[in-house]
Amino acid sequence: MAFVGNLQQLGRAFMLPMIVLPGAALFMSLSKLPWEIIGIPGMSDHLQAASEAIFLFLPYIFALGISLGLSGNALSAAIAAMAGMVIYGGITSAVHPEIEPSVLIGVLMGILAGYSHERLKGLRLPEYIQFFGGPRFVPLFVSFVSVLFSIFIVNLAPFLQNFLIDLGHIVASGEGFGVFLYGFVHRILVIFGLHHLVSHIFWFQIGGYELDSGAIVYGDLPRFFAGDPTAGAFMAGLYPTMMFALPAIAFAIIHEAREDLKPKIRKTFLYAALASFLTGVSEPVEFAFLFVAPYLYVVHALLSGVIMWVTFELGIKHGFSFSAGAIDFIINEHLATKGWLIIPIGIVVFIVYYFLFRWAIRRFKIPTPGRDEGSQLEDWAEDIPYRAPLILQAIGGKQNVVRMESCITRLRLKLENEKEIDVNALRNLGAAGVINLGGGHVQVVFGTYSELIREEMIKTIQKDQAQVLFHSPMQGKMIPLDEVPDPIFSGKLVGDGVAFIPERGELVSPVHGIVIHLYPTMHAIGIRTPEGLEVLIHIGIDTSQLKEDNIFQAFVEEGDEVVPGTLLIRFNLQRIKQEGKSLATPMVITNSDLIRSWRYAPFKAVKKGQSSVMSVILKESNVGGETE
């Protein structure tokens, strides 16, 4: 699985250079407008040249982007990749002027530069030549490798060029089934974030088309924009899925939600449906049912393949520069063949998907959002800067983070120890799913808020503020302190914090600290953290009057050191209920004057020991560090 983790990093690196492609498509579309009418007769030629220039230098763009993506935006890796491409272009053009760098070469140079940087950035040479050590060694190393690689390619290039063209013919000979297989595999690989890898092969490598200038472009996407009438088969079939199928799933989820939760779900999934329809961003909808009904996702993947097969058989050719959304559909329609047929096909797809998913959700009682009171990130999206420390704690703290990146819909993490992740806490904080790829590679799906969350987490790490992070002291439901049926606690006369309604009779420590007070009846306990915060946990309301034996049983004594999860007290939940006492259990900080700000996770069900239920930032005068 560590190998899969490395592949998902490579898949993300492919996304960076593709960002420029929408610009190329837009320039090409704008070049078709009658600019001479408004007195700019040369604008069409300028825009056409700009679009063609992007495709012409696409190999260099991929080399640069992939090297940056694999090296954490290291400039030495980028320089190494560009140097490698320049060397390759110089050697091959000197021997075979007809050979031009392809995207495949750009990808290989980017991978070489990126991985070389990760391996060699810490290289130590003798002191008198250490100037060339570390990251500075990477461009030198890649340059030498590029010379050898270029000499090898000079002899191989004619065969490689013919191979890519022949491979395109072989794939085309598979006809509808080949397109179906691609569509199915593409959707399955979305789960692991690896779909960019298989897409890259079909979109940028397979099949060749010779331009009027004599140059050859490779791959379904460049060939489509170059005017190849046979290109677009591996893109056209994605439009009905993105523009119609996924919005249909979103509407099915909305209409099957509980009535009391329907307003909240409607807002969330209308945005998700609109994002899929306009831009082709699919994960917010797909991950809403992937983890609760993986078999339904497989059906979805099969249907996606069937849709691509149908568009192929109908002779539809269409393309996109970013993804199969309505924006790309409109911009690139002038280059399409029978592109208008996507609309009636999409309407049929919408109807099939909508009724299929409504039936499946109801028939199999699938707990999609809104069926249960699940976590919705949008409930506190504006509060993300204050929740970032909770998310950071849930992935094991800043010391557990080796690398943190994001794509459109997910955080892509490289962790020291993936076992320290608290999946329940992340779900409670709005994650649609957590994917462990092994080797420390983990993906957390937060939807389109992922980039914002990453930025706030980085700010949190850089600020290095003194804070104390709290785990849940019991299994049950976390509630605001003002809902506790006791004016002393709800009025915050004892201190500020949160409360819990227990489902089981066990109380564990929420923090690192020392037990400073254990009440004689053992219904309450006080803990002092290393930062000096005094935490009081009071089991139930008016429970100090319950003096019978065996209602409360302590497992620690005053002076004992505790860590999060240490068992403190067991209590008889049923006896407390029988006595008519409230089970509400406040957890308050009695010296809250030391605290500058408070942060809370959503008030809902929590597991015993679950991280990230509350965090506090200490005032500057009380800097003491961080505890988990």
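We did not get these values from a lab; they are worked out from the coordinates using the rules stated. The structure displayed is predicted, hence computed values, not measured ones. Positions of Cβ are generated from backbone atoms using ideal geometry, with glycine treated the same way; all protein chains shown enter the neighbour counts.
Can you list the lysines whose alpha carbon is less than 16 Å from that of Lys547, not counting same-chain residues fewer than 8 positions off?
Hits, sequence-local ones excluded: Lys577, Lys581.
Roughly how many debye, to the nearest 20, is the charge dipole of the range 218-279 about its Cα centre, given +1 on each Lys and Arg Cβ, -1 on each Asp and Glu Cβ, and no other charges?
260 debye
What ranking do Ser276, Ser71, Ser93 get, fewest neighbouring Cβ atoms within 10 angstrom at the top?
With the sparsest Cβ surroundings first, the list reads Ser93, Ser71, Ser276.
Equivalent-ellipsoid semi-axes (√(5λ), Cα gyration tensor) for the range 237-363, whole Å, largest first?
Square roots of five times the eigenvalues give 26, 16, 11 Å.
Give the residue from Leu221, Ala257, Leu594 lying farthest towards the positive end of the charge dipole for the chain; charges sit on Cβ (+1 for Lys and Arg, -1 for Asp and Glu) and the dipole is referred to the Cα centre.
Ala257
Test of understanding: express the Cα radius of gyration of the range 267-328 as a ratio to 2.2 N^0.38 Å, with N the residue count.
Cα Rg divided by the expected 2.2 N^0.38 Å: 1.27.
Compute the whole-percent fraction of alpha carbon pairs in the range 470-627 spaced more than 22 Å apart.
Roughly 36 percent, rounded to a whole number.
Enumerate the calculated ³J(HN,Hα) couplings along the range 517-526 in order (Karplus 6.51 cos²θ - 1.76 cosθ + 1.60, θ = phi - 60°), each rounded to whole Hz, writing x wherever the residue is Gly or Pro.
7, 10, 5, x, 7, 6, 8, 8, 8, x
In the neighborhood of Glu313, defined by Cβ-to-Cβ distances under 14 Å, what is the net charge if each Lys or Arg adds +1 and each Asp or Glu adds -1?
+1
If I model the range 460-546 as equal point scatterers sitting on the Cα atoms and use the Debye formula, what is log10 I(q)/I(0) at q = 0.11, 0.18, 0.21, 0.22 Å⁻¹?
Relative scattering, expressed as log10 I(q)/I(0), comes to -0.34, -0.88, -1.17, -1.27.
Can you tell me the Rg and Dmax of the range 2-233, counting just the alpha carbons, in angstroms?
19.5, 68
Select one label from (i) 202; (ii) 280; (iii) 157: the one whose number is volume of the Cα convex hull per residue in Å³ as derived from the coordinates shown.
Label of the calculated value: (i).
Between the helical axis of 103-120 and the dominant principal axis of the chain, each derived from Cα atoms, what acute angle in degrees is found, rounded to the nearest 10?
40 degrees
For helix 21-30, report the angle its Cα long axis makes with the longest principal axis of the Cα atoms of the chain; keep it between 0 and 90° and round to the nearest 10°.
Long axis of 21-30 versus the principal axis of the chain: about 50 degrees.
What does the net charge come to around Pro485 if you take all other residues with beta carbon closer than 15 Å to its beta carbon, with K and R at +1 and D and E at -1?
-1
Tally Lys/Arg at +1 and Asp/Glu at -1 over every other residue whose Cβ is under 11 Å from the Cβ of Leu290; what's the total?
-1
With angles folded into 0 to 90 degrees, how steeply does helix 262-279 sit against the dominant principal axis of the chain? Use alpha carbons for both and round to 10.
Roughly 20 degrees, rounded to the nearest 10.
Amide H of Met587 versus every other amide H placed in the peptide plane: which residues, excluding those fewer than 5 positions away on the same chain, fall under 5 Å?
Val498, Ala499, Phe500
At R0 = 25 Å, how high is the FRET efficiency between Glu118 and Leu148 if r is their beta carbon distance? Nearest 0.05 is fine.
Efficiency for this residue pair is about 0.75.
Could you sort the peptides 424-437, 331-344, 133-146 by per-residue average Cβ neighbour count (10 Å cutoff), highest mean leading?
Ranked by mean Cβ neighbours within 10 Å, highest first: 424-437, 133-146, 331-344.
Between Thr521 and Lys365, what FRET efficiency follows from the Cβ-Cβ distance if R0 is 45 Å, with the result rounded to 0.05?
The calculated FRET efficiency here is 0.55.
Which is farthest toward the positive dipole end of the chain among Pro473, Val298, Phe184, measuring Cα position about the Cα centre, with Cβ charges +1 (Lys, Arg) and -1 (Asp, Glu)?
Comparing the listed Cα positions along the dipole, Val298 ranks first.
Using modelled amide H (1.01 Å from N, peptide plane; none on Pro or chain starts), what sits under 5 Å from the amide H of Val606, excluding residues fewer than 5 places away?
Placed amide hydrogens put Gly476, Lys477, Met478 under 5 Å from Val606.
Determine, for each peptide in 44-54, 242-252, the mean count of other beta carbons within 10 angstrom over its residues, then list the peptides with the highest first.
242-252, 44-54
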